[in-house]
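J.: The structure's right below; bear with me while I get my questions together.
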Amino acid sequence: MHNHNIDEVVYNSRMLNWSPLGKFILVIFLLVASLLADSLVVPIVVFVIGASLLFYSTNFKIPKIVGLALGGAALTIFVGCIVILFVTAGENMLFQGTFLGIGYSITDGGLRLATLVLVRSIAGMTVMLSFATSTPVPYLAHAMRQVHIPKELSELVILIYRYSFLLLEELHTMWTAASCRLGFHGLKNRFRTTSKIAVGLFIRSIDITDRAQIALQCRNFNGEFPSYRLPKNISAVWIAVPILSFILLYLLNICTRGWIIIGA
Amino acid sequence: MDPEIILETQNLEYSYHNKDLALRDVSIKIPKGKKTILLGANGTGKSTLFLHFNGVLKPKKGKVLYDGKELDYSSKGLSKLRSKIAVVLQNPDDQIFSTTVEEDVAFGPMNLGLPREEVEKRVEEALFLVNMTEYRSRPSQQLSFGQRKRVAFAGALAMKPEVLIMDEPTAGLDPQMTHELMELTDELVHLGTTVIISTHDVAMAYSWAEELHVLQNGRLVFSGNSEEFFIDPVKVHLAGLSQPVLFEINAHLESLGKGKQDPYPRNITQFISKLAPSGTAPGTLHLLPVNGTLKQEWIDSIIKKCSNKARVGISGTGARIAASVGMVSADYVFNSIENCLTEAILGYDAVICYDECLEGIIREKISNLSKNFGMDIKIVKEVSS
């Protein structure tokens, strides 16, 4: 059942009944505001908003899977920022040295860009996770339909979502079965078994497709998944809040320009 | 008079991807409103035949008729056909697409373009019948196999079909769920639905079927009543099947000089009736219809009137829910009709609390015992108060 953690989080979210399209617009506006700002204060504020929404959505309990996603992404971003730090040119040299015979240097421009990218990315991640932990995929598909994204795409999203769980279950069963037959005994075996499971899973997915097609026909599927329980529709508030947030963040960017100076 | 035929195939042939024929010259007639079993070993073409019934597969040769008319394979024609013929696939995961239980049950009715109120009503009823009302908002991937099977079944019920086709419906189910499902199908047949079940479970086929069709290597090798098929062990063996245990025991008893095979008992109750001295059963069956509420004191007051410690059985989803809400203690919560009848034959009184719509089935079973096995059961209809 560990595969279902994120789904459980979503269906238990306190933001579940908020308009999915409204949340989606808010997230986009916050992300754009954070990306456009050259002041560090704006992404920090966006991070605070994102983190608050995330904590509220998950009822102050960050599930392991969300924690892992956050940690993994943060690590990747951090490594990326280190690279940016060393490769970006700047006006003033802050540090210079050699390591294992390779020369390296840190400039003010590199430090500034790396910090900005780091703060923006983490802020963006928290905002997006607050959306992901509160919006079931069918609601997302519904929001996609509302903004007139082709129905084929939204139907695909639903089907992929549904069948991903079945494939995860298959994967889990195959993994257990392989373990029972010493499939992971030794490194060589481990690699061989993992690749066999991957191939097996691919073949199963084709089989599932065939059977799903029959089942869809049996149930009178006409190319569109009807929504039985519709999520809340977007209201004027959901238009006003993102626009207002964007304007406030824009003004904040102007007012706080130069407040935090890195590498001066 | 010949029964009305609802589904029929004439010289049907089908093969997958130009391989060997999966169905060879199959001509089958499915009577309306009957309990029909399609029996066969694995890979004999049962599912392939099913998929012809609702137009998912188109015959390579021969034709399929519904209500006397050849199937119309246009998208409009198929849509109309599938609103009348519902299929429950063997693996519930194959047919559950939606993310929550109620969304999935509503999938079929919404595809039919029914008004919202009608969809709501059908979802409500179907979930109640399979006892899944409290799970209606649950994501489908969080359900157990048995619960998913119930949801798949509810999805078919919500279509209110004229014909319900079920592929191996009891595969992977525990005994309680199996009995609940068969009880529900009995109820549907009683209300006029034609139910067709594909299975290789000979015991279930023997006890349940009114009409049996046997497939062997894609050919229809038998159509008729169960006894006529199972009496020939060679035919049964060639079809990759075995005789039901009850059928074998009954046959062995004849070999031991303990009476004749006929009448053939299809379940334990009938078997006990056959062995017991004919006449009126020593026990009495008290019928207590349940209409939403059931209280222990009502049952206690009936038990008080009985000469011995009466057994209590609950039959039907509504009665089971009412019993659970009313914290009623029962001896039998599934297969209760048969169990209570057996108790009456064995000399105990029994109280059966049942959904009102099941009364016809109970009386039918009692009348069948009297007619075929010479066993009369005294019944007393009680009032819920």
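The values are calculated or read from the model by the stated rules, or taken from the named source; none is laboratory data. These numbers were taken from a predicted model, which means no experiment stands behind them. Every residue, glycine as well, gets a Cβ built from its backbone with ideal geometry; the counts of neighbours run over all protein chains shown.
J.: For region A:155-173, indicate whether the set of residues that are in the same structural domain as A:ALA73 (by TED's automatic domain parsing) and within 19 Å of the chain's Cα centre (by Cα) is non-empty.
T.: Within region A:155-173 (the criterion being in the same structural domain as A:ALA73 (by TED's automatic domain parsing) and within 19 Å of the chain's Cα centre (by Cα)), the answer is no, since none of the residues qualifies.
J.: For region B:9-23, give me each residue that is part of a strand (DSSP E or B) and either polar (S, T, N, Q) or surrounded by fewer than 19 Cβ atoms within 10 Å (Cβ to Cβ) (or both). Spell out the reasoning first.
T.: Applying the first criterion (part of a strand (DSSP E or B)) to region B:9-23 yields B:9-15, B:21-23.
Across region B:9-23, the qualifying residues are B:THR9, B:GLN10, B:ASN11, B:GLU13, B:SER15, B:LEU21.
J.: While we're on this one: A:PHE86 - would you say it is assigned to a helix (DSSP H, G or I), in contact with a strand residue (DSSP E or B) (Cβ under 7 Å, 6 or more places away or on another chain), of a type outside the set (Asp, Glu) and surrounded by fewer than 18 Cβ atoms within 10 Å (Cβ to Cβ)?
T.: Working: assigned to a helix (DSSP H, G or I): yes; in contact with a strand residue (DSSP E or B) (Cβ under 7 Å, 6 or more places away or on another chain): yes; of a type outside the set (Asp, Glu): yes; surrounded by fewer than 18 Cβ atoms within 10 Å (Cβ to Cβ): yes.
Against the criterion (assigned to a helix (DSSP H, G or I), in contact with a strand residue (DSSP E or B) (Cβ under 7 Å, 6 or more places away or on another chain), of a type outside the set (Asp, Glu) and surrounded by fewer than 18 Cβ atoms within 10 Å (Cβ to Cβ)), A:PHE86 qualifies.
J.: Within region B:96-121, can you find the residues that are aromatic (Phe, Trp, Tyr) and either more than 7 Å from chain A (Cβ to nearest Cβ) or touching a Cys at 6+ places or on another chain (Cβ under 7 Å) (or both)?
T.: none
J.: From (1) more than 8 Å from every other protein chain (Cβ to nearest Cβ); (2) part of a strand (DSSP E or B); (3) of a type in the set (Gly, Ala, Ser); (4) crowded, with 19+ Cβ neighbours inside 10 Å, pick out the condition that doesn't hold for B:GLY62.
T.: The one condition B:GLY62 does not meet is (4).
J.: Please verify whether A:VAL199 is part of a helix (DSSP H, G or I), without any contact (Cβ under 8 Å) to a residue 60 or more places away in the chain and within 24 Å of the chain's Cα centre (by Cα), treating the condition exactly as stated.
T.: no
J.: In this structure, does B:VAL105 turn out to be hydrophobic (A, V, I, L, M, F, W, C) and farther than 22 Å from A:ASP7 by Cα? Reasoning before the result, please.
T.: Values: hydrophobic (A, V, I, L, M, F, W, C): yes; farther than 22 Å from A:ASP7 by Cα: no.
No; evaluated as a whole, the condition is false for this residue.
J.: Six or more apart or on different chains, Cβ under 8 Å: which pairs go from a residue in region A:228-249 that's in contact (Cβ under 8 Å) with a residue 24 or more places away in the chain to one that's surrounded by fewer than 12 Cβ atoms within 10 Å (Cβ to Cβ)? Could you list them?
T.: A:PRO231/A:ASN17; A:LYS232/A:ASN17
J.: What number of residues within region A:195-205 satisfy the criterion of being within 14 Å of chain B (Cβ to nearest Cβ) and out of contact with any Phe, Trp or Tyr (no Cβ under 8 Å at 6 or more places or on another chain)?
T.: Residues flagged as within 14 Å of chain B (Cβ to nearest Cβ) and out of contact with any Phe, Trp or Tyr (no Cβ under 8 Å at 6 or more places or on another chain) within region A:195-205 amount to 1.
J.: Name the single residue, out of those in region B:251-276 being of a type in the set (Lys, Arg) and buried (at least 18 other Cβ atoms within 10 Å of the Cβ), that is farthest from the chain's Cα centre (by Cα). Outline the logic, then answer.
T.: Step one: list which residues in region B:251-276 are of a type in the set (Lys, Arg), which gives B:258, B:260, B:266, B:274.
Applying the additional criterion that residues be buried (at least 18 other Cβ atoms within 10 Å of the Cβ) yields B:266, B:274.
Values: B:ARG266: 14, B:LYS274: 24 Å.
Per the criteria, the residue is B:LYS274.
J.: Tally the residues that are without any contact (Cβ under 8 Å) to a residue 24 or more places away in the chain and of a type in the set (A, V, I, L, M), restricting the search to region B:57-77.
T.: Summing the residues that are without any contact (Cβ under 8 Å) to a residue 24 or more places away in the chain and of a type in the set (A, V, I, L, M) in region B:57-77 gives 1.
J.: I'd like to verify a number: residues in region B:1-39 that are of a type in the set (Gly, Ala, Ser) and on the phi > 0 side of the Ramachandran plot, how many? Can you show your working first?
T.: The initial filter retains those residues of region B:1-39 that are of a type in the set (Gly, Ala, Ser), namely B:15, B:22, B:27, B:33.
In the following step, the residues that additionally are on the phi > 0 side of the Ramachandran plot were identified as B:33.
Total satisfying the criteria: 1.
J.: Without any contact (Cβ under 8 Å) to a residue 24 or more places away in the chain and under 17 Å from the mean Cα position of the chain (by Cα): is that true of A:LEU68 in this structure?
T.: yes
J.: Follow-up. Could you tell me which of the residues A:ALA215, A:ALA240, A:ALA178 is at the interface with chain B (Cβ under 10 Å from one of its Cβ atoms) and part of a helix (DSSP H, G or I)?
T.: Only one candidate qualifies: A:ALA215.
J.: May I pose another question? Say whether the condition of being under 20 Å from B:VAL56 (Cβ atoms) and among the aromatic types (Phe, Trp, Tyr) is met by at least one residue in region B:143-164.
T.: Yes, that holds for at least one residue.
J.: Residue check: is B:GLY347 in contact (Cβ under 8 Å) with a residue 60 or more places away in the chain and of a type in the set (Gly, Ala, Ser)?
T.: yes
J.: Moving on. Residue by residue through region B:125-168, note down the ones that are touching a strand residue (DSSP E or B) at 6+ places or on another chain (Cβ under 7 Å), among the hydrophobic types (A, V, I, L, M, F, W, C) and in a helix (DSSP H, G or I).
T.: B:ALA152, B:PHE153, B:ALA156
J.: Can you name the number of the only condition in (1) free of Cβ contacts under 8 Å to residues at least 40 places away in the same chain; (2) out of contact with any helix residue (DSSP H, G or I) (no Cβ under 6 Å at 6 or more places or on another chain); (3) part of a helix (DSSP H, G or I) that A:GLN96 fails?
T.: Among (1) free of Cβ contacts under 8 Å to residues at least 40 places away in the same chain; (2) out of contact with any helix residue (DSSP H, G or I) (no Cβ under 6 Å at 6 or more places or on another chain); (3) part of a helix (DSSP H, G or I), the lone unmet condition for A:GLN96 is (3).
J.: May I ask you to verify whether B:LYS19 is at pLDDT below 90, assigned by TED's automatic domain parsing to the domain that holds B:SER137 and of a type outside the set (Phe, Trp, Tyr)?
T.: yes
J.: Would region A:38-56 turn up any residue that is buried (at least 20 other Cβ atoms within 10 Å of the Cβ), away from every other protein chain (no Cβ under 14 Å), among the polar types (S, T, N, Q) and in a helix (DSSP H, G or I)?
T.: No, region A:38-56 has no match at all.
J.: Filter the helices (runs of 4 or more DSSP H) completely within region B:169-250 down to those with at least 3 residues that are buried (at least 19 other Cβ atoms within 10 Å of the Cβ).
T.: Output list reads B:175-190, B:202-208, B:226-230.
J.: Can you work out which of the residues in region B:1-33 that are touching a Pro at 6+ places or on another chain (Cβ under 7 Å) and not hydrophobic (A, V, I, L, M, F, W, C) is farthest from B:ARG82 (Cα to Cα)?
T.: In this case the residue turns out to be B:PRO3.
J.: Within region B:122-138, restricting attention to residues that are within 13 Å of chain A (Cβ to nearest Cβ) and surrounded by fewer than 21 Cβ atoms within 10 Å (Cβ to Cβ), which residue is farthest from A:GLU224 (Cα to Cα)?
T.: Across region B:122-138, the extreme among qualifying residues is B:TYR135.
J.: Another question, then. Could you tell me which of the residues A:ILE44, A:ILE102, A:ILE49 is over 26 Å from A:LEU21 (Cβ atoms) and at pLDDT 85 or above?
T.: Matching residue, one of A:ILE44, A:ILE102, A:ILE49: A:ILE44.
J.: Take the residues in region B:66-95 that are assigned to a loop (DSSP other than H, G, I, E, B) and under 19 Å from B:ALA156 (Cα atoms), then tell me which one is farthest from the other protein chains (Cβ to nearest Cβ).
T.: Ranking the candidates gives B:GLN90 first.
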